[in-house]
Each structure stands twice: as C-alpha cells, then as structure tokens.
1. Please name whichever of Cys138, Gly153, Ala114 sits farthest to the positive end of the charge dipole of region 76-157, dipole taken about the Cα centre and charges placed at Cβ: Lys and Arg +1, Asp and Glu -1.
2. Is the shape of region 133-180 best called rounded, prolate or oblate, per the rule: a/c under 1.5 gives rounded, else a/b larger than b/c gives prolate, else oblate, with a ≥ b ≥ c the square roots of the Cα gyration tensor eigenvalues?
3. Mind putting a number on the dipole of region 132-181 about its Cα centre? Charges go on the C-beta only, +1 for Lys and Arg and -1 for Asp and Glu, and I need it in Debye to the nearest 20.
4. When the helix-only estimate is applied to the chain (DSSP H runs of n ≥ 4, each -39,500 (n - 2.57), divided by the residue count), what is the mean residue ellipticity at 222 nm, nearest 500 deg cm²/dmol?
5. Amide H neighbours of His40 under 5 Å, at least 5 residues apart or on other chains, H built in the peptide plane: list them.
6. Just the number, please: Stokes-Einstein D of the chain in µm²/s, Kirkwood Rh from C-alpha pairs, 4 °C, 1.567 mPa s.
7. Suppose we look only past 21 Å in the calculated P(r) of region 103-184. What percent of the Cα-Cα pairs does that tail hold?
8. Compare the peptides 15-24, 116-125 by average per-residue count of other Cβ atoms within 10 angstrom and give them in order, highest first.
Amino acid sequence: LFPRRSSDLEGATLVYLSGNNGSGKSTLGRALAPRLGFAHLPEEKVDRSYLCDLFSQPNRWSFEAQAHFLTFKTGLVKQSVAALGKVFIDRSPYEDAEIFARYFHQARRLGLWAYRTYQQLYEALVTELPEPNLIIVCTCSIKELERRVTQRGREYEQLYPKNHLRVLDQLYRSWVQRICRQFP
C-alpha cells in the first residue's frame with residue numbers, strides 16, 4: 001500500500017479509501033495524496049446536510065439520504081477522475097449501497113420497496129463508474145472507532161444508535177470479502 005517509487009502507481013487513477021467511521025480514511029488520504037501526486041477528496045467534500053435528520057428520524061430520511069449520498073458520490077467520482085486524473089476518494093459508492101443502505105434496511109429503517117428501488121438506482125449508477133485501481137481498507141478496533149468518533153464531536157455522530165459502529169464493522173467485514181472478489 002505504500003509504494004517506494006511513484007512509478008509503482010503509474011496508470012492508477014482512482015483509489016478509494018474505505019472503512020468505518022473514524023477508521024482513518026481522511027488522515028491517510030491527507031498523508032499519502034501529496035506524497036504520491038494524487039488529489040484527495042475527503043468525506044468533508046460530501047454534502048452531509050442529511051445526516052442529523054437521518055439519525056434523528058431514520059424512518060423518514062433513510063431512503064432520501066442514501067439516494068442523495070449515492071448520486072452525489074457517483075457524480076463526484078466521474079468528475080474527479082476526468083478532471084484530476086489521479087485521485088484518492090474517501091469512501092466509495094459501493095460502501096454507500098452495500099454497507100450503509102443495507103444497514104438501514106436491516107435495521108428496518110428502510111423498507112423493502114424503498115430498498116429495492118435504491119438497489120435499482122445503485123445498479124444503474126455504478127455501471128457508469130470507472131473501476132478502481134486500488135481500494136485501501138482502513139480498520140481499527142471498535143473501542144478506538146468509538147473514541148475517535150466521540151473525540152471529533154460531530155453533531156450527527158452523537159446521534160448514532162447504540163452499537164452503530166459495531167454493526168457497521170460487521171457489514172464492512174462481509175463487504176471486504178465481496179469487494180475482493182469483484183475487484184481482485
């Protein structure tokens with residue numbers, strides 16, 4: 001994951017920094033991108049205006065918020081790769097669909113019909129994306145995730161339900177196995 005020479009990454013254009021909330025995606029991206037000649041698009045670039053509503057009224061906002069994040073992220077990926085060439089992007093659209101939308105569906109906050117519609121939207125949008133050259137998955141213990149999230153003090157993160165990060169961690173573990181088969 002840490003090439004010794006920039007030529008080790010020749011031809012690579014799209015690198016996703018994936019992982020649970022507080023796992024170090026943005027920190028890693030800020031450190032690696034300038035060193036390797038990449039642009040870095042941290043999660044802060046994503047419109048987070050839905051998050052407080054989503055976690056305070058998940059039954060009302062889960063479909064709309066997840067559809068927003070997915071459409072925003074797929075557009076960001078296409079524009080960034082075309083305009084910037086070499087780019088690190090925090091969190092992939094695959095995670096939006098295969099972890100977060102799944103989380104809300106499994107928690108019964110996103111109904112079956114809405115989840116099916118969301119999955120159709122995901123399939124339509126993801127086929128237009130360039131394949132990533134690399135996916136770096138950031139991980140750490142649940143205890144450390146909780147410490148980092150608490151320390152950051154973001155309003156919406158204080159609204160997370162009990163065991164939110166633990167459930168996401170389990171979904172991430174399954175996702176990593178699937179994504180490794182999809183992008184060997």
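1. Highest projection toward the positive end goes to Gly153.
2. Details: a/c = 2.35, a/b = 1.85, b/c = 1.27.
Here region 133-180 falls in the prolate category.
3. On the way: 10 positive and 5 negative charges, 29 e Å.
Here the size comes out at about 140 debye.
4. On the way: 7 runs with 95 residues, N = 184.
Value at 222 nm, helices only, nearest 500: -16500 deg cm²/dmol.
5. For His40, whose amide H was placed from the backbone, the distant partners under 5 Å are Phe88.
6. Details: Rh = 17.0 Å.
In µm²/s, the coefficient is 76.
7. Working: 1615 of 3321 pairs.
Of all Cα-Cα pairs in region 103-184, 49 percent lie more than 21 Å apart.
8. Details: 15-24: 23.2, 116-125: 15.1.
My ranking of the peptides, most packed first, is 15-24, 116-125.
No value in this document is a laboratory result; all are computed from the given coordinates. Note that the structure is predicted; figures quoted are calculated from it, not measured. For neighbour counting, all protein chains shown are included, and Cβ atoms are generated from backbone atoms with ideal geometry for every residue, glycine included.
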